[in-house]
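The values are calculated or read from the model by the stated rules, or taken from the named source; none is laboratory data. What you see is a predicted model, and the numbers here were worked out from it, not measured in a lab. As a convention, Cβ positions derive from the backbone with ideal geometry for all residues, glycine included, and neighbour counts pool all protein chains shown.
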């Protein structure tokens, strides 16, 4: 607890260096690149890891991401 009696929380996340994924970009189409991210064969960008975003749909002209929020993204009422 902090000085005000609030429970302190922390979060950590991990990611792959974005250069690893970018190495695939020169020989793949944009659709294939995003499909690889969706399937996990190409690492997602660090911001997607930070925000818990996952690609759930990839097709020509469309890429759909879905968040999986945790308590770090919530700003609702205080819970003891």
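Here are a few things to note about the model shown:
- Taken over region 1-16, the criterion of being without any contact (Cβ under 8 Å) to a residue 12 or more places away in the chain and under 14 Å from the mean Cα position of the chain (by Cα) is satisfied by 12 alone.
- Residue ID - surrounded by the fewest Cβ atoms within 10 Å (Cβ to Cβ), chosen from residues in region 18-43 that are touching a residue at least 24 places away in the same chain (Cβ under 8 Å) and touching a strand residue (DSSP E or B) at 6+ places or on another chain (Cβ under 9 Å): 31
- Residues in region 55-68 that are surrounded by 10 or more Cβ atoms within 10 Å (Cβ to Cβ) and at pLDDT below 90: 67 only.
- Qualifying positions in region 1-17 - touching a helix residue (DSSP H, G or I) at 6+ places or on another chain (Cβ under 6 Å) and either assigned to a helix (DSSP H, G or I) or surrounded by fewer than 10 Cβ atoms within 10 Å (Cβ to Cβ) (or both): 11
- Look at (1) modelled with pLDDT under 95; (2) farther than 29 Å from residue 5 by Cα and you find that residue 71 fails only one, number (2).
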